[in-house]
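Written below as structure tokens is the structure these notes are about.
What follows draws every value from the coordinates through simple rules; no lab data is involved. Values in this document were obtained by computation on a predicted structure and should not be read as measured data. Note that we place each Cβ from the backbone using ideal geometry, even for glycine, and neighbour counts take in every protein chain shown.
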Amino acid sequence: MNSKRITLTLAAVLFFAACADAQERPKQSIGTLLGAGVGALAGSQIGKGDGRLAAVAVGTLAGAWAGGEIGKSLDRADRLYAQRTAQNSLEHNKIGQTSTWQNPDSGHSGTYTPTRTYETVNGQNCREYETTINVGGRMEKAFGRACRQSDGTWKIVR
């Protein structure tokens with residue numbers, strides 16, 4: 001009976017911790033919950049008595065960590081789509097020409113539009129741009145500046 005309480009308490013703590021964070025990082029939170037569940041199930045198949053309880057606890061914690069990492073990496077996909085589009089847009093687009101990106105898994109999307117090209121007093125090529133991002137039906141607009149680095153990539157400087 002005592003071991004069941006500990007297991008239930010551990011599961012409840014993980015569940016409520018993930019729910020509290022679900023608004024800010026939903027993919028990571030879902031991954032944490034699913035990983036905890038799979039880890040607990042795997043742990044319940046190992047050992048007997050208190051050894052089984054320890055296996056469930058370790059399985060739950062390990063599964064929660066692994067699931068959270070997987071969920072976090074999915075959020076990185078949005079940033080990778082945006083970064084790739086920014087590099088291509090800054091390198092190839094004419095002023096006013098818009099490039100778009102969309103993550104088919106999350107539905108998030110955005111645009112990059114160069115608005116001005118110039119050379120600094122040090123001879124560095126720079127571009128100003130306008131960008132938008134659409135997450136969950138909410139669109140945000142921002143403006144920035146990027147300069148070409150010696151390796152040919154564009155670094156956002158503002």
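Summary of values
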| quantity | calculated |
| --- | --- |
| Residues VAL121, VAL157, VAL135 arranged by fewest to most Cβ contacts within 10 Å | VAL121, VAL157, VAL135 |
| Debye intensity ratio I(q)/I(0), log10, the range 83-156, q values 0.12, 0.18 Å⁻¹ (C-alpha model) | -0.33, -0.68 |
